[in-house]
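For reference, the structure discussed in these notes is given below.
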Amino acid sequence: MNEELNPAGTVVLVEDDVSLAHALETLLRFDGFDVLSYSDPRLFLASVCREDSACLSKPTCILMDLNLNSTQDGLECFIEARSRALNALPPFVFLTGHGELEVGLQAMRHGAFDFLTKPTKSEALLTRITEAIESHRSILVDQESRGLFINAYKNLTDKQLEVFHYLVEGFSNKEIAEKVGTSTRTVEIHRSAVLEKMGGSSLVEIGRLYEKYRAAL
């Protein structure tokens, strides 16, 4: 994750009401967020669904009006974005009008982070946006950890891999030596290499990460 970017995070705003969009941009920027604004959901889709889209790799929240005056409303845009995106999308927070409760609930069922009814109090809006961004930040940190672990695992030699699996199963160096038909000293060397390649973490931590990411190995 690129930490040189704004630590407050980025809000991608999809709103075709010019006056409301301006007010939201002003509020968000005043509170320290970077803001990318789209008035046309088609342009938003063309941008966010690219594999190299910047919002996929930095802490982001997508703030979208459900009632867009376009050929595509907010819910349809959200569903299409989820179907087209090559990578997991940042959390969506929707703005809804009065009488749109069911549509907001539909958005939640499709995976939205939350929806807020207009007019929304600034404090409530900023709180949910911050929570959505922190949720995305956690996802990005986990993705980075997962990638590093998988790469390190794939760089183990066959013998190191064999020793690795016995280690995470809780076998001692002596027991592993007996199982693989080698000396305890050789196992110790392989164990040291495994720890170094896996980032120098403790064996307990490596075992925890292995259980967490083993389905992707």
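The values are calculated or read from the model by the stated rules, or taken from the named source; none is laboratory data. What you see is a predicted model, and the numbers here were worked out from it, not measured in a lab. All Cβ positions, glycine included, derive from the backbone under ideal geometry; neighbour counts span all protein chains shown. Heavy atoms of the whole protein, side chains included, go into the accessibility calculation; ligands, DNA and RNA do not. Shrake-Rupley method; radii C 1.70, N 1.55, O 1.52, S 1.80 Å.
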Estimated [θ] at 222 nm from DSSP helical runs (n ≥ 4, -39500 (n - 2.57)) normalised by residues in the chain, nearest 500: -17500 deg cm²/dmol
Largest-first ordering by accessible area, 1.4 Å probe, given options F92, F115: F115, F92
Solvent-accessible heavy-atom area per residue, rounded to whole Å², over the chain at 1.4 Å: 54
Farthest positive-ward along the chain dipole, Cα basis, beta-carbon charges - from L105, A152, V12: A152
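Given R₀ = 45 Å, what would the calculated FRET efficiency be for H165 paired with A54, taking r from the Cβ atoms and rounding to 0.05? Walk me through the intermediate numbers first.
Details: r = 39 Å, r/R0 = 0.86.
With a Förster radius of 45 Å, E is 0.70.
R0 = 25 Å: FRET efficiency of D16 with E144, Cβ-based, nearest 0.05?
Numbers: r = 35 Å, r/R0 = 1.39.
That pair, D16 with E144, gives E of 0.10.
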Ratio Rg/Rh, restricted to region 142-217 and using Cα atoms, in which Rh is the Kirkwood radius: 0.97
Radius of gyration and maximum dimension Dmax of region 46-98, Cα, Å: 11.4, 36
The chain: Lys pairs at Cα distance under 19 angstrom, eight or more positions apart or on different chains: 6
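Multiply the residue separation of K121 and T71 by 0.36 nm, subtract the distance between their alpha-carbon atoms, and state the gained length in nm to one decimal.
Numbers: separation 50, 0.36 × 50 = 18.00 nm, distance 2.87 nm.
Difference between extended and current length: 15.1 nm.
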Calculated over the chain: convex hull of Cα atoms, volume per residue (Å³): 136
Highest-fluctuation residue, G74, G104, G170 considered, GNM on the chain with Cα pairs under 10 Å: G170
Rounded percent of accessible protein surface that carbon and sulfur make up, region 26-185, 1.4 Å probe: 50
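Tell me, what is the percent relative contact order of region 155-204, built from C-alpha pairs under 8 Å that lie six or more residues apart? Please list the in-between numbers first.
On the way: 34 pairs, mean separation 20.4, N = 50.
The value is 41 percent.
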